[in-house]
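Student: Sending over a structure as structure tokens; questions will come in a sec.
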Amino acid sequence: MTTYQEINAAARSTQDDIKVRYTAKTHTSGGRRGGVSRSDDGRLDVRFSAPGVPGTGTNPEQLFAAGWSACFISAMGVVASKMKVKLPADVAIDAEIDLCNSGDIYFLRARLNVSLPGLEREVAQAIVDATHRETCAYSNATRGNVETTVSLV
């Protein structure tokens, strides 16, 4: 059983222990070709355009890459704190999300290239591994669904 499955099994048996920290709410219309999406608090207001097509706007894969990498960096802070390690100020992630298809089936692949300059490689790798295995909500949500490579660069 994976950590994700264990967490879900435990969560189902102890629903009273689950705390919803935040609920993102958006309204989207039009899809990836000329659509728009806005959050209920007005902080997000984006126009979509298809990848590789001229125009302004972003695409869902870019938003996913940005969200996952931001979550991963924050989760590394949690892991590092537990290990009594200070993350470097210039921690960064270069995230790559591939939109793939095989016939009519579409799927995603992901690569997270993590930079933790100034940390001993062994310590940095332990932080990255624990973050991906246990702490990052995006890593937990995609486990088993999205082929993911996480590399310490």
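Student: With a 1.4 Å probe and all protein chains in place, put Met76, Met83 in order of accessible area, largest first.
Tutor: Order by accessible area, largest first: Met83, Met76.
Student: Between Val153 and Asp16, what FRET efficiency follows from the Cβ-Cβ distance if R0 is 41 Å, with the result rounded to 0.05?
Tutor: FRET efficiency, Val153 to Asp16: 0.50.
Student: Going by average Cβ density within 10 Å per residue, which order do the peptides 26-39, 86-99, 122-135 take, highest to lowest?
Tutor: 122-135, 86-99, 26-39
Student: Among [x] 9.0; [y] 12.0; [z] 9.5, only one was calculated for this model; which label is it, if the read-out is mean projected area of the Cα convex hull in nm²?
Tutor: Only one option fits the structure, namely [y].
Student: How much length is gained if the chain between Asp98 and Gln125 is pulled fully straight, taking 0.36 nm per residue apart and subtracting their Cα-Cα distance, in nm to one decimal?
Tutor: 7.3 nm
Student: Then there's this: Can you work out the Karplus-derived ³J(HN,Hα) for every residue in the range 45-50? Use 6.51 cos²θ - 1.76 cosθ + 1.60 with θ = phi - 60°, whole Hz, and x for glycine or proline.
Tutor: So the Karplus estimates, Gly and Pro as x, are 8, 10, 10, 9, 9, 5 Hz.
Student: How much solvent-accessible surface does Ser151 expose, in Å² to the nearest 10, with a 1.4 Å probe and all protein chains in place?
Tutor: 40 Å²
Student: What ³J(HN,Hα) values, in whole Hz, does the Karplus curve 6.51 cos²θ - 1.76 cosθ + 1.60 give for the range 117-123 when θ = phi - 60°, with x put for Gly and Pro?
Tutor: The phi angles translate into x, x, 8, 4, 4, 5, 5 Hz.
Student: Compute the relative contact order of the chain as a whole-number percentage, counting only Cα pairs closer than 8 Å that sit 6 or more residues apart in sequence.
Tutor: That works out to 18 percent.
Student: Report, by chain and number, residues whose modeled amide H sits under 5 Å from the one on Leu152, excluding near sequence neighbours (fewer than 5 apart, same chain).
Tutor: The answer is Val114.
Student: Continuing with the same structure: Need one number: % antiparallel among DSSP beta bridges in the range 89-153, to the nearest 5.
Tutor: 65 percent
Student: Between the range 99-134 and the range 38-97, how many Å separate their Cα centres?
Tutor: A separation of 13 Å, based on Cα centres.
Student: Choose one answer from Asn101, Asn140, Asn113: the residue with the largest mean-square fluctuation in a GNM of the chain with alpha-carbon springs under 10 Å.
Tutor: Comparing Asn101, Asn140, Asn113 in a Gaussian network model of the chain, the most mobile one is Asn101.
Student: Pull out the extension gain between Thr28 and Ala50, defined as 0.36 nm times the separation in residues minus the alpha carbon to alpha carbon distance; nm, one decimal.
Tutor: 6.4 nm
Student: Using θ = phi - 60° and the Karplus form 6.51 cos²θ - 1.76 cosθ + 1.60, what ³J(HN,Hα) does each residue of the range 66-76 get, whole Hz, x for Gly and Pro?
Tutor: Running phi through 6.51 cos²θ - 1.76 cosθ + 1.60 with θ = phi - 60° gives 5, x, 5, 5, 5, 4, 4, 4, 4, 5, 4 Hz.
The values are calculated or read from the model by the stated rules, or taken from the named source; none is laboratory data. Owing to the predicted nature of the structure, the values given are computational and were not obtained by experimental measurement. Ideal geometry is used to build each Cβ from the backbone, glycine not excepted, and the neighbour counts take in all protein chains shown. When the accessible area is computed, the model is the full protein with side chains, heavy atoms only, and any ligands, DNA or RNA have been set aside. Shrake-Rupley method; radii C 1.70, N 1.55, O 1.52, S 1.80 Å.
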